[in-house]
Amino acid sequence: PPGPRKSFPVAAVDEILRDVLGSSLREQRYEAERCREMVKDIAEVIKARVKELMVPRYKVVVVTHIGQLNEQSMQIGSRCLWDPASDTFSSYVFKNSSLFALAVVYAVYFE
């Protein structure tokens, strides 16, 4: 079956995640209301930056989480229909002294 002509640029997306999370959250303290708004804004910025890479025929899904860093742990899992030959993802975890953030970009190829 024909696959993507151009593979999804995971390394470039990794760099976008590192840049957006770092620049948005480096000086940020955890405040529930503020982070609730920021998580939406961060997801939109990531999606826009990934779309600027102009990779044809990929559907991009961005999921972001921000939580308070306070002696607790968190497990996040996801499942979806996946073609390992063409679909891929990128993720990045950011931490400062007050909060943690996780951003995941799923790239699903459309035939």
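The values are calculated or read from the model by the stated rules, or taken from the named source; none is laboratory data. Here the structure is a predicted model, which is why all the values come from computation and not from measurement. With ideal geometry, Cβ positions are generated from the backbone for all residues, glycine too; neighbour counts draw on all protein chains shown. Side chains are part of the model used for accessible areas, which takes the heavy atoms of the whole protein and leaves out ligands, DNA and RNA. Shrake-Rupley method; radii C 1.70, N 1.55, O 1.52, S 1.80 Å.
Name the single residue that is surrounded by the fewest Cβ atoms within 10 Å (Cβ to Cβ) among those in segment 80-98 being outside any strand (DSSP E or B) and polar (S, T, N, Q).
Going through the qualifying residues, I end up with SER97.
Quick one: count up the residues across segment 12-30 that are open to solvent by 50 Å² or more (accessible area, probe 1.4 Å), among the small types (Gly, Ala, Ser) and under 16 Å from VAL62 (Cα atoms).
So the count comes out to 0.
Does ILE66 fit the bill of being touching a residue at least 40 places away in the same chain (Cβ under 8 Å), crowded, with 17+ Cβ neighbours inside 10 Å and part of a strand (DSSP E or B)?
Here the answer is yes, as ILE66 does meet what is asked.
Please give the number of the condition ARG29 fails out of (1) touching a helix residue (DSSP H, G or I) at 6+ places or on another chain (Cβ under 7 Å); (2) in a loop (DSSP other than H, G, I, E, B); (3) of a type in the set (D, E, K, R).
(1)
Of all residues in segment 14-51, which are among the hydrophobic types (A, V, I, L, M, F, W, C) and more than 11 Å from the chain's Cα centre (by Cα)?
LEU25, ALA32, CYS35, MET38, ALA48
Yes or no: ALA48 touching a strand residue (DSSP E or B) at 6+ places or on another chain (Cβ under 6 Å) and assigned to a helix (DSSP H, G or I)?
no
Given the conditions (1) more than 30 Å from GLU111 (Cβ to Cβ); (2) surrounded by fewer than 18 Cβ atoms within 10 Å (Cβ to Cβ), which single one is not true for LYS6?
The failed condition is (1).
Rundown of residues vs (1) in contact (Cβ under 8 Å) with a residue 60 or more places away in the chain; (2) open to solvent by less than 70 Å² (accessible area, probe 1.4 Å); (3) polar (S, T, N, Q), yes/no style:
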| position | (1), (2), (3) |
| --- | --- |
| GLU33 | no, no, no |
| LYS40 | no, no, no |
| LEU53 | no, yes, no |
| SER78 | no, no, yes |
